[in-house]
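Right, one structure below, let's go through it.
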Number of protein chains: 4
Amino acid sequence: MILRLGQIELYVTDLAESEKFYVDTLGFIKVNKTDESLYLKATDEFDIYTLVLTKREEASLASFGLRVSSEEYLDELEKKHHEMGIETEMVESSHPGRGRTLRVAEPSGHPVEFYHAMEQVDVGKGAMGVDKLPMRNTHIFNGIPPVRIDHMNLRVTDVDKAWEYWEAIGFSISEFVQDGDEKFAAWTRAKTSTHDVALVKQDEAALHHIAYIVDGVAGVVRTADLLADAGYRDAVEYGPGRHGVSNAFFLYIRDPDGHRIEIYSGDYNRDTDLPPIGWTKEDYDANGRLWWGPSVPDRFFETTPVNKDWVKPKINN
Amino acid sequence: MILRLGQIELYVTDLAESEKFYVDTLGFIKVNKTDESLYLKATDEFDIYTLVLTKREEASLASFGLRVSSEEYLDELEKKHHEMGIETEMVESSHPGRGRTLRVAEPSGHPVEFYHAMEQVDVGKGAMGVDKLPMRNTHIFNGIPPVRIDHMNLRVTDVDKAWEYWEAIGFSISEFVQDGDEKFAAWTRAKTSTHDVALVKQDEAALHHIAYIVDGVAGVVRTADLLADAGYRDAVEYGPGRHGVSNAFFLYIRDPDGHRIEIYSGDYNRDTDLPPIGWTKEDYDANGRLWWGPSVPDRFFETTPVNKDWVKPKINN
Amino acid sequence: MILRLGQIELYVTDLAESEKFYVDTLGFIKVNKTDESLYLKATDEFDIYTLVLTKREEASLASFGLRVSSEEYLDELEKKHHEMGIETEMVESSHPGRGRTLRVAEPSGHPVEFYHAMEQVDVGKGAMGVDKLPMRNTHIFNGIPPVRIDHMNLRVTDVDKAWEYWEAIGFSISEFVQDGDEKFAAWTRAKTSTHDVALVKQDEAALHHIAYIVDGVAGVVRTADLLADAGYRDAVEYGPGRHGVSNAFFLYIRDPDGHRIEIYSGDYNRDTDLPPIGWTKEDYDANGRLWWGPSVPDRFFETTPVNKDWVKPKINN
Amino acid sequence: MILRLGQIELYVTDLAESEKFYVDTLGFIKVNKTDESLYLKATDEFDIYTLVLTKREEASLASFGLRVSSEEYLDELEKKHHEMGIETEMVESSHPGRGRTLRVAEPSGHPVEFYHAMEQVDVGKGAMGVDKLPMRNTHIFNGIPPVRIDHMNLRVTDVDKAWEYWEAIGFSISEFVQDGDEKFAAWTRAKTSTHDVALVKQDEAALHHIAYIVDGVAGVVRTADLLADAGYRDAVEYGPGRHGVSNAFFLYIRDPDGHRIEIYSGDYNRDTDLPPIGWTKEDYDANGRLWWGPSVPDRFFETTPVNKDWVKPKINN
């Protein structure tokens, strides 16, 4: 089975600026830095990294990865895609610590990668005996700090089609918005929280935001304080406020390349077998988008493009 | 000496609506209710009440009270006003539990009352022996709840004149905004926090807001949640955000009569003998008003009028 | 698949005392009350209840329930038990809102119930259209309040045998303590957090505690305040402190019948396919039991007996 | 008038160890470091430092300082001491940024210093114009961090005599414990919170602890996490718990020299003219010392000696 969103790679235009923002200010943990990429993680993660920032001429979404429960399931997933008539490519991941990777283009063209093997943080003294869990390093953390990766919000050209795809590969829908005959939005998930991948209708496929969980309401507010104190006040784009859908207490910020990050305190858990909660577009506009909070600024509707150099998978077996 | 802002009386048009908002939703403690008035307190206050809501045809600011350190100082204050040529009236307070009261019109016409005697919460078993402090009743509190009264923000026609008055009766200025030759705003105080009485220039004297302190950032955010959940989403007017001046993390809400309440987590302490911190109007517009936060909605500039029936004091000795 | 711990029933000796403690003080939501039972839920739960307190002569653990993903899986689970030579009983649940239930005795004799059908909180306006999510009623919550059910800690006579059983029905082990040739303790789970069912060695099978998640560190501390303020200071048994295993920031409290409840702010998430984290008994005694905190009081080792009237399942198909 | 406790100097045996503990782990801001001393401040303080750690052979309390409202009041205070028959010494402070200092031995021999002039943090751009307030540097703070100095807890040989002294120089008593004919303890203050100087009976004069306020309940708990994570678990001595007297939510920690620091989230404000709240020793033992919390460990009764090299003041005018 698919377990969760596990990794995001963003293309950025200036690694030094990104490091200043993500590492020095927000407190992402710098795991590794190469000429081309920054490998980052949040405090409570066991994967050795979850966010990769890679230097390119233009800022865009490079790809995102979903971790699956076994190598066998990766093969099964490959077959499942072929049955749906979707091309795939099985490669050795170019990212350190990660194993075999199944590359797929989601119906709107989003670059998805599935993988199982992922190097884990060493908790201790070898085969047996624990030194310490990764989150027990509060004395060296700085910034917010982010606690763990949660989800991505994608803009897709056809939500019904995207829903069909994600459900076909085993995702559950937690909430959705019905707009007449078609879906306006859907929150889909492998885990029990409200989303790993949110889908919202837009004319062009794009990334709206990635999301990291922080420690409660105070962690969210602290983010705005940190940014303003460090001279990044304009990076505080929207919020704090509370969404009706997902019940998220949110703050949206923008990195130096304009990539949007939702900093939030988590949402609710609900069993994945339960039917989705459906909002009419009317309900959604009234209460679903915003339970309370400031009015939405125009720039909140800007998005990150999908990278144009992404080579579409071709069936390789 | 003057100790602090101790009491506010607001005129409201519907006591039942006020009770639903202040008591049932926000968690002000209802100390007493008469045909005409609701007497309310916050959790950590030793005064038996700090907020009085009284039924009238029109909503307005009835008056506000400053507690002084002794009956002798009340007499001294009376003399000091007369020396400044300001009329006063010494009356027995009509409010229960309060003693002799010196009534004064502040330069812009704001209705000020000074008093010393104020009934205190009984902490215990009589002459000796403590049962419990007032804040140790968390099991029966509801709502946010508010922790203690902090300050008022007055609109005055001439800030320089008002500054002169408040300084003459012993207040210290913590921060101010200089706009060319005149002051645009001043934060004045008897206590060591940034203000008991804030003064901001406006064409007409009015009350902008009263302020209560709540428990940290989480208490501020909880206020918006409570209001939205209880069906009062429109009462969430502005925020959360952080002011540059005073460093306050704020949320502004509106009661059913439109009275504005700042719900905030407190500000900093600074000795009252230190010189005020001065902002240029330019600095203030750039960073002082808002360190970070959403843009200000138009209705944030609406104010509560001073009640017209207030009888100006006449020297009575 | 098994999804999570979904329900606990405790026998209590005085329903009125239990209601005062759980509902009036801690803020469990009273969903229903019959002559015999109190049905309670926490704020963020979609199941109509998760805790049942039932009147009996003696306080004990009545049973606990695990929710599975489908009716078909319930049948599969029945077969799996029979293959392991474990007797089962399929019954219609006596609890309202719950469907077919598979009763099983866990290797040490603990009374386990598996079920799929469970009535859900109505979020809205019928077939389509959302009114509000269950947690958006902060204006009527009181107490801590508890956010959601998390786990149980069982004392078992043979941890290795219990481990074998829980793993056989699909649980993952998150952490364990190795004591020479045998296991001293194991934290087992269906969900991605550290445990649904913890197993610790003891001469006699018993319940050590049930656990509910509350809102962060402040929620844990608030619990002790509420209890002391309401006159239940002795109910605050142990903590606050932090466990090494599971990273839990904990407070253990005792209900009027002596049932122990862990009030905590949640632990970490880790994929269920990953190998367990193993502590030596030495490591565990040094850092695993307690990362920091006060020394353990003697009464922390008291436990709740399993009810003697529980009728062992007999294969009924 | 005396404004507040403003400065503490402790003798420590190893400056490097102290820096690692106070600066690197707890997050005190290092303002200056000389061969002999570390000058530290907390985030919200306007004084350029409040804690001085100075290298000596033996750890002890060097002295503590109380800030007064004017140079004139310093002279008045000198006279007041002479009238009470207490010797004083007026010196230029050896500490940077501080002016004329009146040295006095409190009745039990505690080394007290009064001063007015104290260099302040520069908030801005010179004569007019604000850059930023000192607490708006969250992006470079680390550790808890401490927010501001609050009080000291002294052990004195005769509480009644000490009370008499502190009241004579203008302090107010907030709470006290009556033990038969004599006082067991008294909380005395210049500011409106519960204490600047707490006095508790002991056979020998000593320092029990100094106290810094941190940001709420989460700040207190974070302190224990930081210490345990950094390898200082034994430094977490007592708590978290809540005192009845002062309502403080506390954690007591020990620095590398054994000096005890109370890390707490602040207490209540009550006007200084109000009569003290009196506990019988019985009440205090039952509820005053501990509203709730773990039992007191033996080492909590250890104290820091007053330094023996302190030269008693001699009247110098």
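Summary table
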read-out: Matching residues, the stretch A:23-47, being among the hydroxyl-bearing types (S, T, Y) and without any contact (Cβ under 8 Å) to a residue 40 or more places away in the chain; value: A:T34, A:S37
read-out: Filter result for C:L226 (more than 20 Å from the chain's Cα centre (by Cα) and not in a loop (DSSP other than H, G, I, E, B)); value: yes
read-out: Identity of the residue in the stretch B:65-77, away from chain D (no Cβ under 12 Å) and farther than 19 Å from D:T192 by Cβ, that ends up surrounded by the fewest Cβ atoms within 10 Å (Cβ to Cβ); value: B:E76
read-out: Residue that is within 14 Å of chain A (Cβ to nearest Cβ) and over 28 Å from C:E167 (Cβ atoms), where the choices are C:K55, C:K33, C:K20, C:K41; value: C:K41
read-out: Residue ID - nearest to A:R103 (Cα to Cα), chosen from residues in the stretch A:1-59 that are of a type in the set (G, A, S) and outside any helix (DSSP H, G or I); value: A:G6
read-out: So C:P294, is it within 11 Å of chain D (Cβ to nearest Cβ), part of a loop (DSSP other than H, G, I, E, B) and more than 19 Å from the chain's Cα centre (by Cα); value: yes
read-out: Residue that is farthest from C:N137 (Cα to Cα) [pool: residues in the stretch B:203-223 that are part of a strand (DSSP E or B) and among the aliphatic types (A, V, I, L, M)]; value: B:A206
read-out: Residue that is nearest to D:A228 (Cα to Cα) [pool: residues in the stretch C:253-270 that are aliphatic (A, V, I, L, M) and within 14 Å of chain D (Cβ to nearest Cβ)]; value: C:I263
read-out: Hits in the stretch D:177-216 - residues which are touching a Pro at 6+ places or on another chain (Cβ under 8 Å) and within 14 Å of chain C (Cβ to nearest Cβ); value: D:V214
read-out: Scan of the stretch B:195-210 for residues that are within 15 Å of the chain's Cα centre (by Cα) and charged (D, E, K, R), ordered by number; value: B:D196
read-out: Boolean, B:E237 is closer than 19 Å to B:W292 by Cα, away from every other protein chain (no Cβ under 12 Å) and among the charged types (D, E, K, R); value: no
read-out: Where a residue in the stretch B:48-69 is closer than 13 Å to B:A206 by Cβ and its partner, wherever it lies, is among the aromatic types (F, W, Y), with Cβ under 8 Å and at least six apart; value: B:A59/B:Y11; B:S60/B:Y11; B:L61/B:Y11
read-out: Test: residue in the stretch B:84-93 that is open to solvent by 40 Å² or more (accessible area, probe 1.4 Å), in contact (Cβ under 8 Å) with a residue 12 or more places away in the chain, part of a loop (DSSP other than H, G, I, E, B) and of a type in the set (D, E); value: yes
read-out: Number of the exception - D:D285 against (1) more than 14 Å from chain C (Cβ to nearest Cβ); (2) surrounded by fewer than 20 Cβ atoms within 10 Å (Cβ to Cβ); value: (1)
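The rows are residues; the columns are (1) over 18 Å from the mean Cα position of the chain (by Cα); (2) farther than 28 Å from C:Y268 by Cα; (3) among the aliphatic types (A, V, I, L, M).
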{"site": "A:F184", "(1), (2), (3)": "yes, yes, no"}
{"site": "A:T188", "(1), (2), (3)": "no, no, no"}
{"site": "A:K191", "(1), (2), (3)": "no, no, no"}
{"site": "A:Y212", "(1), (2), (3)": "no, no, no"}
{"site": "A:G216", "(1), (2), (3)": "yes, no, no"}
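Yes/no per residue for (1) open to solvent by 30 Å² or more (accessible area, probe 1.4 Å); (2) away from chain A (no Cβ under 14 Å); (3) in contact (Cβ under 8 Å) with a residue 60 or more places away in the chain; (4) more than 18 Å from B:D150 (Cβ to Cβ):
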site: B:A228; (1), (2), (3), (4): no, no, no, yes
site: B:L251; (1), (2), (3), (4): no, no, no, no
site: B:T272; (1), (2), (3), (4): yes, yes, yes, no
site: B:F301; (1), (2), (3), (4): yes, yes, no, yes
site: B:N307; (1), (2), (3), (4): no, yes, yes, yes
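Listed here are the residues, each with its yes/no results for (1) open to solvent by 10 Å² or more (accessible area, probe 1.4 Å); (2) not charged (D, E, K, R).
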| residue | (1), (2) |
| --- | --- |
| C:I8 | no, yes |
| C:A16 | yes, yes |
| C:F28 | no, yes |
| C:T34 | yes, yes |
| C:K41 | yes, no |
| C:K55 | yes, no |
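The values are calculated or read from the model by the stated rules, or taken from the named source; none is laboratory data. Predicted model, so just to flag it, every value in this text is computed and none were measured. Because the Cβ atoms are built from the backbone with ideal geometry, glycine has one as well, and the counts that use them run over all protein chains shown. When the accessible area is computed, the model is the full protein with side chains, heavy atoms only, and any ligands, DNA or RNA have been set aside. Shrake-Rupley method; radii C 1.70, N 1.55, O 1.52, S 1.80 Å.
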